[in-house]
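Asker: Before I ask anything, let me first share the structure, which is written out below as structure tokens.
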Amino acid sequence: MKIGVFDSGIGGTTVLTAIRNILPNEEYQYIADSKNCPYGEKPEEELKQIVSKNTEELKNWGAEIIVIACNTATTKCIGFLREKYPELKFVGTEPAIKLATETNAKNILVMATPGTIASERTKSLAKENIREGQNITLLACPGLADTIEQKLDIRKKLSELFEDLKNKNYQPDVIVLGCTHYSLIKPEIQSFFPNAKLIDGNEGVARRVKELI
Ligand code: DGL
């Protein structure tokens with residue numbers, strides 16, 4: 001089976017690795033669309049054009065399944081893509097908020113791009129899954145995906161983003177990595193919150209692809 005995967009750069013390679021771990025014999029094509037990074041700060045119309053272009057490229061290569069290895073593009077465009085390309089099967093990547101609420105965590109921190117945090121989908125994932133005694137903090141992280149993509153100063157960027165939380169002495173029990181780029185900097189994030197459990201949705205995406213096959 002030919003499986004196409006795309007993201008705004010290297011972030012989606014973390015999803016690709018999870019899929020290949022359980023499906024090593026399929027054929028893969030990966031688009032690292034770094035020239036359009038960051039997706040998370042793009043207007044929806046522009047993002048729709050970008051994801052259509054990636055989809056066409058993967059379709060021309062022969063993809064039957066397309067994995068959107070990007071939370072931002074999934075939360076904003078998966079419905080649009082399914083409607084536009086009914087002949088293809090799409091699997092999206094969403095912030096693993098449900099998984100986080102199923103743990104016994106009290107404080108759940110969701111880190112994602114401004115686009116993902118502002119999306120209706122993220123808000124409803126939080127609202128529908130939160131359990132009694134839990135609180136969910138949504139933290140938009142402008143510039144973080146780009147800092148990772150360009151291999152800039154990650155610690156400096158994280159210090160800025162976490163400053164308010166640190167000042168309030170907020171301690172997350174679980175941190176949801178709601179952008180595939182963030183899975184590449186787990187040790188750096190963990191160093192700010194050593195007691196938090198870090199989770200992403202990558203294995204869930206891989207299982208979904210397997211089910212489809
Ligand atoms: N890696 C992507 C995500 O999961 C997009 C990052 C970006 O381009 O803003 O949201």
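Asker: Classify segment 76-186 from the C-alpha gyration tensor, please: rounded if a/c falls under 1.5, else prolate or oblate depending on whether a/b exceeds b/c. Before the final figure, lay out each step's value.
Answerer: Details: a/c = 2.33, a/b = 1.24, b/c = 1.89.
It comes out oblate by the Cα gyration axes.
Asker: Take the chain, drop everything but the C-alpha atoms, weight them equally and run the Debye formula without solvent; then report log10 I(q)/I(0) at 0.12 Å⁻¹ to two decimals.
Answerer: -0.59
Asker: Can you work out the Karplus-derived ³J(HN,Hα) for every residue in segment 193-200? Use 6.51 cos²θ - 1.76 cosθ + 1.60 with θ = phi - 60°, whole Hz, and x for glycine or proline.
Answerer: Taking θ as phi minus 60°, the curve returns 9, x, 8, 7, 8, 9, 10, 9 Hz for segment 193-200.
Asker: Around residue 29, what is the net charge, scoring Lys/Arg as +1 and Asp/Glu as -1 over all other residues with Cβ under 11 Å from its Cβ? Let's see the in-between values first.
Answerer: Working: positive: 2, 59; negative: 26, 27, 57.
Summing Lys and Arg as +1 and Asp and Glu as -1 gives -1.
Asker: So which of 48/123; 42/156; 35/157; 48/186; 76/210; 123/197 end up more than 26 Å apart, counting from Cα to Cα?
Answerer: Working: 48/123 21 Å; 42/156 24 Å; 35/157 21 Å; 48/186 29 Å; 76/210 24 Å; 123/197 21 Å.
Beyond 26 Å: 48/186.
Asker: Right, next: Does segment 1-69 come out rounded, prolate or oblate by the C-alpha gyration tensor, with a ≥ b ≥ c the root eigenvalues, rounded set by a/c under 1.5 and, if not, prolate when a/b is larger than b/c and oblate if not?
Answerer: Numbers: a/c = 2.77, a/b = 1.55, b/c = 1.79.
Here segment 1-69 falls in the oblate category.
Asker: Turning to a different aspect of this structure: What nm distance separates the two modelled labels at residue 85 and residue 27, each placed 7 Å from Cα along Cα→Cβ?
Answerer: It is 1.6 nm.
Asker: Once you have the alpha carbon radius of gyration of segment 164-213, what is it after dividing by 2.2 N^0.38 Å, with N set to its residue count? The partial results should precede the final answer.
Answerer: On the way: Rg = 13.9 Å, N = 50, 2.2 N^0.38 = 9.7 Å.
Cα-based Rg divided by the globular estimate yields 1.43.
Asker: Give me a comma-separated list of calculated 3J(HN,Hα) values for segment 46-54, in order, Karplus coefficients 6.51, -1.76, 1.60 applied at θ = phi - 60°, integers in Hz, x for any Gly or Pro.
Answerer: Along segment 46-54, the couplings run 5, 4, 4, 5, 5, 5, 5, 4, 4 Hz.
Asker: Could I ask something else about it? Nearest 500 deg cm²/dmol is fine: what mean residue ellipticity at 222 nm does the chain get from its DSSP H runs of n ≥ 4 alone, each adding -39,500 (n - 2.57), divided by its residue count?
Answerer: Details: 10 runs with 100 residues, N = 213.
One gets -14000 deg cm²/dmol as the mean residue ellipticity at 222 nm.
Asker: From the Cα trace of segment 92-148, what convex hull volume per residue do you get, rounded to a whole Å³? List each step's numbers first, then the result.
Answerer: Values: hull volume 5.0 nm³, N = 57.
About 87 Å³ per residue, rounded to a whole number.
Asker: What's the FRET efficiency of residue 46 with residue 171 using the Cβ-Cβ distance as r and R₀ = 35 Å, to the nearest 0.05?
Answerer: Working: r = 38 Å, r/R0 = 1.08.
FRET efficiency, residue 46 to residue 171: 0.40.
Asker: Moving on to the next point. Where the eigenvalues come from the Cα gyration tensor of segment 71-119, what are the semi-axes √(5λ) of the equivalent ellipsoid, largest first, in whole Å? Walk me through the numbers on the way to the answer.
Answerer: Working: eigenvalues 143, 34, 7 Å².
Semi-axes from the Cα gyration tensor: 27, 13, 6 Å.
Asker: Rounded if a/c is under 1.5, else prolate if a/b beats b/c, else oblate: with a ≥ b ≥ c from the C-alpha gyration tensor eigenvalues square-rooted, which is segment 127-213? Numbers along the way, then the final one.
Answerer: Values: a/c = 2.18, a/b = 1.20, b/c = 1.82.
Here segment 127-213 falls in the oblate category.
Asker: Which angle between 0 and 90 degrees, to the nearest 10, do you get for helix 120-129 versus the longest principal axis of the chain when only C-alpha atoms count?
Answerer: Computed tilt is about 60 degrees.
Asker: Additional query: Using DSSP to call loops (not H, G, I, E or B), can you name the GluC sites (Glu not before Pro) in segment 72-118 whose Cβ has at most 14 other Cβ atoms within 10 angstrom? Don't jump to the answer; show the numbers that get you there.
Answerer: Numbers: sites: 83, 87, 102; in loops: 87, 102.
Of the GluC sites (Glu not before Pro), the ones in loops of segment 72-118 whose Cβ has at most 14 other Cβ atoms within 10 Å are 87, 102.
Asker: With springs only between Cα atoms under 10 Å apart, run a GNM on the chain and tell me which of 81, 16, 144 wobbles the most.
Answerer: In this elastic network of the chain, the residue with the biggest mean-square fluctuation among 81, 16, 144 is 81.
Asker: List, in order, the whole-Hz ³J(HN,Hα) value for each residue of segment 205-211 obtained from phi through the Karplus relation with A = 6.51, B = -1.76, C = 1.60 and θ = phi - 60°; use x for Gly and Pro.
Answerer: 5, 4, 5, 5, 5, 4, 4
No value in this document is a laboratory result; all are computed from the given coordinates. Just so it is clear, the model here is predicted, and its values are computed rather than measured. FYI the Cβ positions are ideal-geometry reconstructions off the backbone, even for glycines, and counts take in every protein chain you see.
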